[in-house]
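Visitor: Quick one: the structure is below, and I'll ask about it shortly.
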Amino acid sequence: MILKARYAALAGVVFLVLAVVYGLLSHDVGGVTMLGALGIAISLAALVLAAGSPRGDEQ
Amino acid sequence: MALSTSALAPHAATDAHAHARRGISNPILGMILFIASEVMFFAGLFAAYFNVRFTAAHWPPLVNEAPFEPFQIRNEMVLAAILTAVLVLSSVTMQMAVWAIRRGDRTAFLRNTGVTLVLGLAFLTGQVYDYLHLGFGITDTAFGSTFYTLTGFHGAHVLGGTIMLSVVLYRGLAGQFSARHHDAVEATSLYWHFVDVVWIVLFSSLYLL
């Protein structure tokens, strides 16, 4: 299975959605900040790890 | 000589094949993962600031049950706005340096890297000047603590960035970068853009929000 880097970056969107839901339910800005940043960090990590792996279409 | 050339040929072909399969260089991969961890580091600081700010009865906090004039930093944001412009401009020159080395223009690369370094040092100088004239310290309520913690850690990152830029400039002057080999320049530019983005969020949170 070929894993496209841009699709891997979508992994972080889960936490961004979670941040929105958490913010609506709790009104805790600090928690929303942490969850939002976690989403960005996971997107970055997933993007670079997927892009950094050998290209699947050459195997 | 001919023997050694033919002996090297298979290795060269293998290296070229390995290079073609490589998705991203190790320095850039490492830098982006480092930036991902830095996102969480600053998120912790911002979360603490927002938590203190939005749970406080008064913001900035009262001192002796009265507003404390030095805390009204919004009224004196000219210097901070200038520093923001300096840092944004430095990101532009950094990117111009990257574009220059990508097309092999070493003169433009060195010039833009030098300007970026000077702008970074100007930012740090301005921040030190700001600290000397603020009128409150890190122990003056939660406002002072969060303000100095956020801006101080950011300033430390700018200092780290200027050190990286100095190394890049030194290596550039020594002729170590070319259109094909400049991963350190790309990695440094990513870090510098990240530091710039953090400052924009920081400036917006502290002075505008």
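The values are calculated or read from the model by the stated rules, or taken from the named source; none is laboratory data. In this text, all values refer to a predicted model and were calculated from it rather than measured experimentally. Cβ atoms come from the backbone with ideal geometry, glycine included; neighbour counts cover every protein chain shown. These area figures cover heavy atoms from the full protein model, side chains too; ligands, DNA and RNA do not enter into them. Shrake-Rupley method; radii C 1.70, N 1.55, O 1.52, S 1.80 Å.
Visitor: Of the residues B:56, B:97, B:48, B:66, which is touching a residue at least 12 places away in the same chain (Cβ under 8 Å) and either away from chain A (no Cβ under 14 Å) or among the acidic types (Asp, Glu) (or both)?
Guide: B:97
Visitor: With the condition kept exactly as written, say whether any residue in region B:134-141 is open to solvent by 20 Å² or more (accessible area, probe 1.4 Å) and assigned to a helix (DSSP H, G or I).
Guide: yes
Visitor: Quick one: in region B:152-195, which of the residues that are more than 19 Å from residue B:89 (Cβ to Cβ) and hydroxyl-bearing (Ser, Thr, Tyr) is least open to solvent (accessible area, probe 1.4 Å)? Before the answer, list the steps.
Guide: Here is the first cut: in region B:152-195, the ones more than 19 Å from residue B:89 (Cβ to Cβ) are B:152-153, B:156, B:160, B:163, B:167, B:170-184, B:186-187.
Adding the requirement that they be hydroxyl-bearing (Ser, Thr, Tyr) leaves B:170, B:178.
Details: B:170: 160, B:178: 42 Å².
For region B:152-195, the residue satisfying everything is B:178.
Visitor: Being more than 8 Å from chain B (Cβ to nearest Cβ), within 10 Å of the chain's Cα centre (by Cα) and at pLDDT 90 or above, is that true of even one residue in region A:39-52?
Guide: Yes, because at least one residue in region A:39-52 is more than 8 Å from chain B (Cβ to nearest Cβ), within 10 Å of the chain's Cα centre (by Cα) and at pLDDT 90 or above.
Visitor: Are any residues in region A:14-31 of a type in the set (A, V, I, L, M) and at the interface with another protein chain (Cβ under 8 Å from one of its Cβ atoms), and if so, which ones?
Guide: Once the filter is applied, which keeps residues that are of a type in the set (A, V, I, L, M) and at the interface with another protein chain (Cβ under 8 Å from one of its Cβ atoms), region A:14-31 yields only A:29.
Visitor: Let me ask something else. Which members of region B:173-209 meet the condition of being under 18 Å from residue B:100 (Cβ atoms) and of a type in the set (Gly, Ala, Ser)?
Guide: Within region B:173-209, B:174, B:175, B:178, B:179, B:184, B:187, B:189 qualify.
Visitor: Hey, can you tell me all the residues within region B:50-76 that are under 23 Å from residue B:209 (Cβ atoms), open to solvent by 50 Å² or more (accessible area, probe 1.4 Å) and assigned to a loop (DSSP other than H, G, I, E, B)?
Guide: Residues satisfying the conditions are B:57, B:58, B:59, B:62, B:67, B:68, B:72.
Visitor: Within region B:165-209, work out how many residues are of a type in the set (Asp, Glu) and either outside any helix (DSSP H, G or I) or more than 15 Å from the chain's Cα centre (by Cα) (or both).
Guide: Count: 1.
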